[in-house]
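> Quick one: the structure is below, and I'll ask about it shortly.
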2 protein chains.
Amino acid sequence: MKNLLALLVLIMGFSLSPCLAQTTVKDDFKPSTLNQPGQEYPQVNSQGYARFRIMAPEAKSVVVSLGPGGTRGGTPLTKNEDGSWTGTTSGPLEEGFHYYRLTVDGGTFNDPGTLNFYGSTRWESGIEIPAHDQDFYALKNVPHGRVQQILFPSPSTNTSRRAFVYTPPEYDKDQSKRYPVLYLQHGWGEDETAWSNQGHANLIMDNLIAAGKIKPFLIVMTYGMTNDVRMGGLKNFDIKPFQTVLLDELIPYVDQNFRTLADQPHRAMAGLSMGGMETKTITLARPDVFSHYGLLSGGVYSPEEIKDKSKVKLIFLSCGSFERPEGVVNSAAALKEAGINAVSYVSENTRHEFQTWRRSLYELAQLLFK
Amino acid sequence: MKNLLALLVLIMGFSLSPCLAQTTVKDDFKPSTLNQPGQEYPQVNSQGYARFRIMAPEAKSVVVSLGPGGTRGGTPLTKNEDGSWTGTTSGPLEEGFHYYRLTVDGGTFNDPGTLNFYGSTRWESGIEIPAHDQDFYALKNVPHGRVQQILFPSPSTNTSRRAFVYTPPEYDKDQSKRYPVLYLQHGWGEDETAWSNQGHANLIMDNLIAAGKIKPFLIVMTYGMTNDVRMGGLKNFDIKPFQTVLLDELIPYVDQNFRTLADQPHRAMAGLSMGGMETKTITLARPDVFSHYGLLSGGVYSPEEIKDKSKVKLIFLSCGSFERPEGVVNSAAALKEAGINAVSYVSENTRHEFQTWRRSLYELAQLLFK
């Protein structure tokens with residue numbers, strides 16, 4: 001036991017040492033790419049440190065809810081003579097997108113320097129740590145598809161509901177061609193804007209299509225928290241209201257109003273986190289509707305849950321390496337063993353955040369509708 | 001002179017009396033329709049008073065930059081025992097949409113209760129005072145068009161630029177039909193999201209089309225502050241960069257990628273405030289491109305400025321009754337006198353705000369492409 005403890009200390013010591021050794025914060029800070037037009041702060045340096053600056057001359061305290069390790073911890077800011085509050089994270093942040101918020105004198109506010117993104121059931125501040133692989137979701141000089149806001153009738157919820165439909169660059173060129181469709185869900189506390197705003201789903205598709213890596217398909221994104229689990233959390237989640245909206249209202253609308261291949265073999269469903277839970281529940285309940293399933297940091301399937309293997313063309317399971325990657329790896333192996341086309345993907349050095357899901361979509365898109 | 005002064009006092013006394021007499025603030029406050037999901041505040045009552053509630057237990061002062069008379073004045077909030085700050089405007093606000101912001105201990109923040117809208121070169125809080133005529137921009141159970149986000153190549157600015165294209169409900173039904181196009185500009189400090197988010201341009205069109213009041217056309221909205229007049233204001237405004245983007249890049253892209261009637265008789269340009277200034281400058285410089293012109297709280301044309309009357313099918317001039325309506329009324333009369341089809345419209349009891357421009361679009365749309 002003592003030896004084991006010593007070994008653990010040794011291992012932890014080694015694994016921490018690259019962090020501890022990094023005492024110099026490089027002075028190459030630049031405005032985050034998600035800042036509002038003309039705003040200098042927040043800034044990010046080449047190591048992934050974030051620096052904040054908030055004007056609040058009469059405030060007693062300003063704390064940023066963002067520190068190393070995703071959104072855990074926080075960064076208290078220090079007041080300067082000019083009335084501004086500044087501070088730098090105590091360590092580098094992981095690559096990709098992070099939500100955050102300010103606590104100013106005990107109240108929750110957004111950083112006026114950044115754009116807002118819907119997460120945690122509110123519009124939050126966002127910051128982008130440049131990633132080594134950011135090219136795959138960059139805005140490039142390639143043909144661009146469209147993100148089309150539709151308002152579809154929803155008798156079950158007695159309103160017109162919003163969805164976004166990604167159509168590929170070629171969509172309006174050949175009026176006779178029809179396309180497969182991926183229904184792609186956001187996570188808890190997010191909404192139908194997340195996959196475009198935080199996820200850059202449209203740019204990921206544009207770049208994959210331009211590189212000839214995939215055949216074009218449509219992506220449909222709508223709000224998945226139909227039964228309002230905002231306040232109660234997931235414990236009271238009931239899939240039925242959303243399943244009704246998706247299967248009985250949205251899919252028929254999309255099939256009527258877009259040039260889709262309107263059958264099970266050409267229809268996929270995927271979702272991140274809570275959207276993965278929804279995907280699993282709905283795909284298992286209605287194997288006649290979808291043929292390709294994707295759970296992104298959103299659970300796994302066991303072979304016994306798949307009633308009719310012949311109906312499943314692909315199961316894609318992913319998560320970040322800082323989540324619990326054994327789960328998706330082992331599940332995919334078991335599914336494969338059972339004769340199902342299952343693929344696992346682990347995003348290196350990311351956790352339950354959008355960089356994991358951007359990468360997951362990039363991988364998933366290349367496996368769909370083959 | 002003494003008599004005149006007495007008369008003035010008398011007139012002002014009478015005209016103010018309805019306000020002064022209204023001492024009772026009705027207790028029928030409801031959450032503003034622009035609140036974030038699940039947020040109870042800000043609230044609005046049936047008289048148009050707005051009530052705010054901000055949590056900031058340790059703050060010294062919280063002021064809302066919104067008071068009677070549009071965005072002029074402000075509403076200081078008072079601290080309660082539970083750490084919240086509350087307050088009600090000193091009088092009713094005008095009908096429609098208003099931007100606002102908070103000053104918390106000297107810093108500028110948004111109200112965490114509301115959605116944000118891009119205005120004043122930043123994402124600001126917004127509140128909606130229900131209007132007696134709100135039906136024309138309400139979300140109704142009618143066929144809905146789409147708001148399509150496009151990214152078009154812009155060699156002159158060396159990037160892909162964003163625009164939104166409203167397509168009417170029938171657009172995807174008949175693949176042989178082609179449509180006229182209105183290019184519609186936002187005001188200073190706003191961007192290409194304003195006409196949909198603040199203006200409900202898409203819902204105005206959906207409702208007009210459903211009521212059979214107009215023949216469908218497309219609306220294209222893009223960013224008009226291409227040369228970055230954010231900080232310098234309008235004094236350094238140069239139309240050329242935007243004119244190049246609009247005429248040499250966006251219009252050709254739209255004509256190639258949407259089923260437009262790609263000629264001068266079927267192309268209109270209109271804009272609000274600074275967008276009106278842009279509209280005037282560009283339509284006068286290039287009468288070969290647009291046939292229908294609209295200035296919404298954005299200036300006037302004089303007959304001498306129109307070089308070739310035969311090229312102008314409509315000039316529409318509008319503003320709020322609390323702006324200077326004589327300007328647009330007189331200008332339209334002079335243009336008519338000179339043989340030009342000019343129409344003026346004055347929005348009752350509104351000022352330089354979006355309710356004026358929603359109504360103006362509603363009027364303008366019914367005059368276009370006849």
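> When the helices in chain A are scored as -39500 (n - 2.57) per DSSP H run of 4 or longer and the sum is shared across all residues, what 222 nm value do you end up with, to the nearest 500 deg cm²/dmol?
So the calculated ellipticity at 222 nm is -6500 deg cm²/dmol.
> Using only Cα atoms, locate the centre of segment A:241-262 and the centre of segment B:155-204, then give the distance between them in Å, rounded to an integer.
Between the Cα centres of segment A:241-262 and segment B:155-204 lies a distance of 25 Å.
> Just to verify a number: what accessible area does A:ARG286 come out at with the full protein assembly present, 1.4 Å probe, Å² rounded to tens?
80 Å²
> If you don't mind, another one. Tell me, in nm to one decimal, what length is gained between B:ALA210 and B:THR108 on full extension, where the rule is 0.36 nm per residue of separation less the Cα-Cα distance?
Contour length minus the Cα-Cα distance gives 32.5 nm.
> Between A:LEU139 and A:THR78, what is 0.36 nm times their sequence separation minus the Cα-Cα distance? Round to one decimal in nm.
Difference between extended and current length: 18.4 nm.
> Give the residue list of trypsin sites (Lys or Arg not before Pro) in segment A:64-154 that are DSSP loop and have at most 16 other beta-carbon atoms within 10 angstrom.
A:ARG72, A:LYS140
> Hey, another quick one. Defining the label point at 7 Å along Cα→Cβ, can you sort the distances from B:ALA333 to the same site in each other copy, shortest first, in nm?
Here the equivalent label points are 8.7 nm apart from this one.
> Give me the distance in nm between label points sitting 7 Å out from Cα along the Cα-to-Cβ direction at A:SER302 and A:GLU326, one decimal.
My value for the distance between the label points is 1.7 nm.
> Report the dimensions of segment A:135-365 along its three principal axes from the alpha-carbon atoms, largest first, rounded to Å.
So the three principal-axis extents are 43, 42, 36 Å.
> A further question follows. Looking at chain A as a GNM with Cα springs under 10 Å, which of A:ASN207, A:ASN330, A:ASN141 has the largest mean-square fluctuation?
Ranking A:ASN207, A:ASN330, A:ASN141 by mean-square fluctuation puts A:ASN141 first.
> Under the convention of a label 7 Å out along Cα→Cβ, give the distances in nm from A:GLY83 to the same position in every other copy, shortest first.
2.6
> Estimate the FRET efficiency between A:LYS30 and A:GLN175 by the formula 1/(1 + (r/R0)^6), using the beta-carbon distance for r and 41 Å for R0, to the nearest 0.05.
The value I calculate is 0.35.
> Would you kindly work out the equivalent ellipsoid of segment B:30-130 from its C-alpha gyration tensor and give its semi-axes, the square roots of five times the eigenvalues, largest first in whole Å?
For segment B:30-130, the ellipsoid semi-axes come out as 19, 15, 14 Å.
> Just to be sure I understand: with springs between alpha-carbon atoms less than 10 Å apart, which residue in A:ASP191, A:ASP206, A:ASP105 has the highest mean-square fluctuation in the Gaussian network model of chain A?
A:ASP105
> Right, next: What do you get for GluC sites (Glu not before Pro) in segment A:131-200 restricted to DSSP loop and a cutoff of at most 14 other Cβ within 10 Å of the site's Cβ?
A:GLU170
> Related question: Residue-wise, which Karplus ³J(HN,Hα) couplings in Hz belong to segment A:261-273, taking 6.51 cos²θ - 1.76 cosθ + 1.60, θ = phi - 60°, and x for glycine or proline?
8, 8, 9, 4, x, 10, 10, 10, 9, 8, x, 9, 6
> Under 4 °C and 1.567 mPa s, how fast does segment A:269-370 diffuse according to Stokes-Einstein, given a Kirkwood radius computed over C-alpha pairs? Answer in µm²/s, whole number.
Stokes-Einstein gives a translational diffusion coefficient of 99 µm²/s.
> Quick one: which residues, 5 or more positions from B:GLU124 or on another chain, have an amide H under 5 Å from its amide H? H modelled 1.01 Å from N in the peptide plane, none for Pro or chain starts.
B:PHE117, B:TYR118, B:GLY119
> So how far apart, in nm, are the two label points at A:THR157 and B:THR86 if each is 7 Å from Cα heading toward Cβ?
Output for this residue pair reads 3.1 nm.
> Please work out how much length the chain gains when fully extended from A:LYS309 to A:ASP255, using 0.36 nm per residue of separation minus the C-alpha to C-alpha distance, in nm with one decimal.
Between A:LYS309 and A:ASP255, full extension yields an extra 16.9 nm.
> Shortest first and in nm to one decimal, what separations exist between B:GLU305 and its copies in the other chains, measuring from label points 7 Å along the Cα-to-beta-carbon line?
Those separations, rounded to one decimal, come out as 6.5 nm.
> Could you pull the accessible area for A:MET55 with a 1.4 Å probe, rounded to 10 Å²?
Surface accessible to solvent at A:MET55 totals approximately 80 Å².
> Give me a comma-separated list of calculated 3J(HN,Hα) values for segment A:106-122, in order, Karplus coefficients 6.51, -1.76, 1.60 applied at θ = phi - 60°, integers in Hz, x for any Gly or Pro.
x, x, 9, 9, 8, 5, x, x, 10, 5, 10, 9, 7, x, 6, 6, 8
> Now for a different question. How much of the calculated P(r) for the protein assembly as shown lies past 53 Å, in percent of all Cα pairs?
13 percent
> Let me ask something else about it. Pop out the Kirkwood hydrodynamic radius of segment B:313-370 from its pairwise C-alpha distances, inverse of mean 1/r, in Å to one decimal.
11.5 Å
The values are calculated or read from the model by the stated rules, or taken from the named source; none is laboratory data. Note that the coordinates shown come from a computational prediction; the quantities given were computed from them, not determined experimentally. All Cβ positions, glycine included, derive from the backbone under ideal geometry; neighbour counts span all protein chains shown. Keep in mind that these areas ignore ligands, DNA and RNA; they rest on the heavy atoms of the full protein, side chains included. Shrake-Rupley method; radii C 1.70, N 1.55, O 1.52, S 1.80 Å.
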